[in-house]
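The values are calculated or read from the model by the stated rules, or taken from the named source; none is laboratory data. As the structure is a prediction and not an experimental result, all values here were calculated from the model. Positions of Cβ are backbone-derived with ideal geometry, glycine not excepted, and every protein chain shown enters the neighbour counts. The accessibility values were calculated without ligands, DNA or RNA, using every heavy atom of the protein model including side chains. Shrake-Rupley method; radii C 1.70, N 1.55, O 1.52, S 1.80 Å.
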Amino acid sequence: MRRPAFAFQSWFERAATRYALSVLSGVLLAACFPRFNLPGLVWVAPLPLLLALVHEPLLKRAYLLGALAGAVFLAGSVYWFAGVMENYGHVSAPGALIVMALFLIVDSSYWGFFGLLMAWLARRSGALALFVGPFLWVTMDLAQTYGYFGGFPWNLVGYAVPAGGLRQLASIAGVYGLSFLALATAALAAAIVISGPTWRRRAALVFALWVVGLIVCNRLLAPPPPPLGNELAILVQPNIPLNESAENWAPWKDPGPLDHLVSLTLDNLRQAQPGAGPALIVWSENPAPFYFGRDPVFRNTMEKLARDAGANLIVGSVNFEGGDTSRPLNSAVVLDPSGSVLLQYAKIHLVPFGEYVPVWLDHLVGKITSEAGNFVPGSNYAAAQGSQGALGVFICYEEIFPQLVRRLAPRGPSVLVNISDDAWYGDSSASYQTMDMSRLRAVENHRWLLRATNDGITSVIDPYGRVLETLPRHEQIALASHFDYEEQETFYHSHGDVFAGFCLAVAGVAVAARVRMGGRRGVSAGARG
């Protein structure tokens with residue numbers, strides 16, 4: 001095995017040092033995201049892990065180093081997971097911790113396989129491993145997007161790249177391109193550390209040129225001043241508690257709460273003085289039992305609101321597939337200014353263990369999370385076509401899936417609308433994390449994004465990913481703001497994950513080449529070691 005030659009090599013030969021570096025990377029990566037909000041660390045956060053992996057002689061320990069970094073990162077950034085299970089999944093505190101531990105073991109396995117492959121490549125050459133590392137990392141991002149339980153691409157490293165010109169590269173390469181930039185920067189820095197005296201100057205020169213290139217790109221791609229939208233939107237934040245009694249929100253029993261939201265909507269519309277075109281009214285996803293297809297009182301109220309406002313109206317509802325009450329759909333209903341239905345969009349990507357329990361785990365997990373929903377997924381990627389432009393609607397958790405939102409983003413003049421209920425996250429940082437992920441969806445597709453949430457963070461995001469207006473959390477309030485129907489086509493919107501596919505191909509070729517160079521013998525040696 002060829003080990004990297006550098007001045008402090010003996011320091012890295014201690015397993016304890018490599019474990020410490022792994023933990024350090026996990027901590028630094030967690031600090032990049034809310035609530036710590038130190039995104040500048042993203043350029044150096046992967047560096048300790050990369051150094052640990054290229055010096056790890058045992059493959060099984062390389063897996064543990066990668067998984068350890070992933071577990072520390074997830075525990076620090078997705079810590080709210082256990083609270084959600086306990087507070088809203090009705091799991092005991094010890095049970096929630098057990099579920100959290102299982103989640104960390106499963107989701108950190110992606111990181112473990114990244115670590116294993118990095119150490120395996122480093123057996124041939126540390127420089128080779130660092131060159132392939134960014135491509136492997138994007139491959140790991142893809143695995144997280146499409147992997148266990150439908151994927152959980154939460155807080156991918158690319159989301160931590162600071163807002164500015166570099167973020168606009170997501171319109172070409174998606175969030176995966178930003179992850180690549182961060183990992184390539186850390187890999188070049190690691191190359192300086194592991195290089196011998198002859199190559200260290202060259203590695204330092206390449207690193208310096210890379211950093212200068214990032215700075216220049218950041219300035220050249222800096223977005224223009226925020227645009228002034230010409231269309232009016234009213235985003236309603238109902239702030240309905242999750243534990244609110246269903247009967248309190250049954251329109252046929254007590255119309256008061258619903259009527260108050262209608263009045264709040266119309267009052268904000270009148271004060272905003274809309275222009276010539278019809279306004280767009282968006283009500284959030286919420287825990288209230290709104291059944292557009294089965295509750296004539298609620299349906300008549302919404303149709304009348306659309307007519308009185310002369311506006312397109314989007315409202316969350318529970319519908320049923322084929323009228324079968326055993327097959328509920330988490331839906332968004334879109335009405336035109338006459339109150340007629342333009343679209344009933346059913347959520348396609350459901351939340352595992354929240355909106356459904358996988359069939360193969362139902363006999364086991366269903367007993368623990370007895371109140372998990374039994375929603376069925378939709379399958380229609382259609383948008384609603386209004387008089388001014390198309391409305392691409394997606395619901396809550398779907399905002400973290402780039403390819404899904406891309407397919408829901410209409411061509412031609414259009415706007416993206418996300419309705420969400422983030423109350424499940426309580427006062428944790430999760431709501432701010434979803435906000436950051438949503439911002440990349442706007443950049444990738446160069447569309448305005450209107451987010452209407454139950455208790456915050458309701459906001460208006462421009463096509464460059466900037467949050468122009470937002471509402472305070474935990475208040476029943478509405479936001480009157482302006483937007484536009486954009487029609488510019490980005491490379492990402494037109495072609496999707498081409499860059500991520502390229503990274504997958506490079507990683508595959510590198511692994512195949514390593515096998516041809518004696519990878520099988522290396523694995524055997526590692527097993528014996």
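Assorted remarks:
- Identity of the residue in segment 446-494, touching a Phe, Trp or Tyr at 6+ places or on another chain (Cβ under 7 Å) and closer than 15 Å to Leu408 by Cα, that ends up most open to solvent (accessible area, probe 1.4 Å): Glu486
- The single residue among Gly147, Gly165 that is in contact (Cβ under 8 Å) with a residue 40 or more places away in the chain and not hydroxyl-bearing (Ser, Thr, Tyr) turns out to be Gly165.
- All positions within segment 279-318 that are under 15 Å from Gly339 (Cβ atoms), in a loop (DSSP other than H, G, I, E, B) and out of contact with any strand residue (DSSP E or B) (no Cβ under 6 Å at 6 or more places or on another chain): Gly310
- Matching residues in segment 97-113 - criterion: being assigned to a helix (DSSP H, G or I), under 23 Å from Phe36 (Cβ atoms) and open to solvent by less than 40 Å² (accessible area, probe 1.4 Å): Met100, Phe103, Leu104, Asp107, Tyr110, Trp111
- Filter result (assigned to a helix (DSSP H, G or I) and without any contact (Cβ under 8 Å) to a residue 24 or more places away in the chain) within segment 63-93: Phe81, Ala82, Glu86, Ala93
- Index of the failed condition, Glu56 passing every other in (1) in contact (Cβ under 8 Å) with a residue 60 or more places away in the chain; (2) part of a helix (DSSP H, G or I): (2)
- Residue selected from segment 188-198 under the condition open to solvent by 10 Å² or more (accessible area, probe 1.4 Å) and touching a residue at least 12 places away in the same chain (Cβ under 8 Å), by the criterion farthest from Leu220 (Cα to Cα): Gly196
- Answer residue from segment 199-230, given it is within 22 Å of Ser125 (Cα to Cα) and basic (Lys, Arg) and is surrounded by the most Cβ atoms within 10 Å (Cβ to Cβ) among those: Arg200
- Helices (runs of 4 or more DSSP H) (entirely within segment 414-520) containing at least 1 residues that are charged (D, E, K, R), touching a residue at least 12 places away in the same chain (Cβ under 8 Å) and touching a Lys or Arg at 6+ places or on another chain (Cβ under 9 Å): 430-445, 498-514
- Qualifying residue in segment 350-359 (condition: in contact with a Phe, Trp or Tyr (Cβ under 8 Å, 6 or more places away or on another chain) and at pLDDT 90 or above): no
- Some residue of segment 182-194 being assigned to a helix (DSSP H, G or I), over 15 Å from Pro46 (Cβ atoms) and out of contact with any Lys or Arg (no Cβ under 6 Å at 6 or more places or on another chain): no
- Positions within segment 167-187 being touching a Cys at 6+ places or on another chain (Cβ under 8 Å) and open to solvent by 10 Å² or more (accessible area, probe 1.4 Å), in sequence order: Leu169, Phe180
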